[in-house]
Amino acid sequence: MQDKFIYEYAIIRFSPLVERGEFFNIGAILYSKPKKYLAMRFHIDPKKLEAFNSQHSTEELEAYLKAWEKVCKGGTDSSAIGEMDMPDRFRWLVATRSTIIHSSMTHTGICDDPEKELDAIFEQFVL
């Protein structure tokens with residue numbers, strides 16, 4: 001029997017006009033303390049972006065999300081936030097914010113492989 005580990009995840013959302021409360025899912029982020037794992041996946045659907053009449057380009061959003069990826073990986077090249085420990089980086093990424101890119105509430109689960117679980121969550125909620 002393989003060990004199971006607790007994880008937390010959130011869905012990353014894009015809100016073209018924050019004040020309208022509309023959004024669509026563009027990514028997923030998963031953190032597992034026991035596995036020392038923090039990663040995210042993202043995909044911006046150009047058709048959805050166009051349907052929302054967004055003033056933001058795919059390239060602009062990808063730049064924001066790549067900064068989030070750097071925070072996930074940590075280290076000195078990802079700003080002061082990237083130098084924080086992994087739980088604090090996850091909490092910073094999923095903190096409530098009123099910006100065009102934000103996350104859902106966090107959810108928990110149990111898995112044996114956090115990377116496979118992140119892929120499954122990403123496929124279910126984003127693709």
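The values are calculated or read from the model by the stated rules, or taken from the named source; none is laboratory data. Everything numeric here is computed off the predicted structure, so don't read it as measured data. No Cβ is skipped: glycine too gets one built from the backbone with ideal geometry, and neighbour counts run over all protein chains shown. Heavy atoms of the whole protein, side chains included, go into the accessibility calculation; ligands, DNA and RNA do not. Shrake-Rupley method; radii C 1.70, N 1.55, O 1.52, S 1.80 Å.
Just one residue in the set Ile11, Ile6, Ile26 is closer than 19 Å to Leu118 by Cα, open to solvent by 50 Å² or more (accessible area, probe 1.4 Å), of a type in the set (A, V, I, L, M, F, W, C) and in contact (Cβ under 8 Å) with a residue 24 or more places away in the chain; that residue is Ile6.
Results for (1) within 11 Å of the chain's Cα centre (by Cα); (2) on the phi > 0 side of the Ramachandran plot; (3) surrounded by 12 or more Cβ atoms within 10 Å (Cβ to Cβ); (4) not in a helix (DSSP H, G or I), shown as yes or no for each residue.
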{"residue": "Glu19", "(1), (2), (3), (4)": "no, no, no, no"}
{"residue": "Leu38", "(1), (2), (3), (4)": "yes, no, yes, yes"}
{"residue": "Glu60", "(1), (2), (3), (4)": "no, no, yes, no"}
{"residue": "Trp68", "(1), (2), (3), (4)": "yes, no, yes, no"}
{"residue": "Ala80", "(1), (2), (3), (4)": "no, no, no, no"}
{"residue": "Thr99", "(1), (2), (3), (4)": "no, no, no, yes"}
{"residue": "His102", "(1), (2), (3), (4)": "yes, no, yes, yes"}
{"residue": "Leu127", "(1), (2), (3), (4)": "no, no, no, yes"}
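Would you mention how many residues in the range 42-53 are within 20 Å of Ala28 (Cβ to Cβ), open to solvent by 40 Å² or more (accessible area, probe 1.4 Å), touching a residue at least 24 places away in the same chain (Cβ under 8 Å) and outside any helix (DSSP H, G or I)?
Count: 3.
Consider His56 against the criteria (1) modelled with pLDDT of 95 or more; (2) open to solvent by less than 50 Å² (accessible area, probe 1.4 Å): it satisfies all of them except one. Which criterion is unmet? It is condition (1) that His56 fails. Go through the range 84-97 and give me each residue that's surrounded by 13 or more Cβ atoms within 10 Å (Cβ to Cβ), without any contact (Cβ under 8 Å) to a residue 12 or more places away in the chain and either of a type in the set (Gly, Ala, Ser) or not in a loop (DSSP other than H, G, I, E, B) (or both). Listed by number, the list holds a single entry, Arg91.
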